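Quick note: the coordinates plus some simple rules give every number you see, no bench work behind them. Everything numeric in this text was worked out from a predicted model, so none of it was measured. Glycine also receives a Cβ, built like all others from the backbone with ideal geometry; neighbour counts cover every protein chain displayed.
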């Protein structure tokens with residue numbers, strides 16, 4: 001476990017896919033890609049997961065430190081979540097106990113003492129421009145925004161023949 005500022009530093013490190021480009025096939029339910037910091041000191045894991053259920057997507061991107069599998073950032077569309085009721089830090093008081101319904105996308109972030117990315121805020125407060133996932137173009141935008149937020153420098157190829 002590390003401090004919140006260490007997590008922020010890891011998030012801001014420039015990263016690249018170990019195998020070159022980041023290729024995401026939207027026909028697959030899951031994609032896992034190993035990343036490394038540009039200085040090759042730290043390893044990370046990028047995960048994309050989606051399910052098609054009823055008439056909406058559930059999509060989340062994960063960014064994990066592989067040496068300890070500690071989550072740093074995740075974004076979820078089409079998934080319920082409730083933040084912890086008790087905030088260990090004054091910075092979290094306004095988010096304590098907030099619930100997100102299926103139609104309320106949210107971004108999880110690292111907080112020391114909460115190993116499972118238990119805290120989240122609305123996506124529009126987290127650097128994303130898409131609140132409602134209406135189509136494949138929205139999904140591609142969300143993936144690209146996530147890659148930008150984790151400072152991924154590799155080319156991103158999205159195969160979007162989903163349907």
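Here is how the numbers come out for the structure above:
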{"quantity": "Orientation-averaged projected area, Cα convex hull of the range 70-163 (nm²)", "calculated": "6.8 nm²"}
{"quantity": "Residues 102, 33, 85, sorted so that the one with the fewest Cβ neighbours within 10 Å comes first", "calculated": "85, 102, 33"}
{"quantity": "Sorted by Cβ neighbour density within 10 Å, fewest at the top, the residues 80, 121, 50", "calculated": "80, 121, 50"}
{"quantity": "Exposure proxy order (Cβ contacts within 10 Å, fewest to most) of 48, 110", "calculated": "48, 110"}
{"quantity": "Tail beyond 15 Å, pair distance distribution of the range 1-48 (Cα, percent)", "calculated": "50 percent"}
{"quantity": "Relative contact order (percent, whole number), the chain, Cα cutoff 8 Å, 6+ residue spacing", "calculated": "25 percent"}
{"quantity": "Mean residue ellipticity (222 nm) of the chain, computed from DSSP H runs ≥ 4 via -39,500 (n - 2.57), nearest 500", "calculated": "-4500 deg cm²/dmol"}
{"quantity": "Debye log10 I(q)/I(0) for the range 4-159, one point scatterer per Cα, at q = 0.09, 0.12, 0.18 Å⁻¹", "calculated": "-0.28, -0.50, -1.12"}
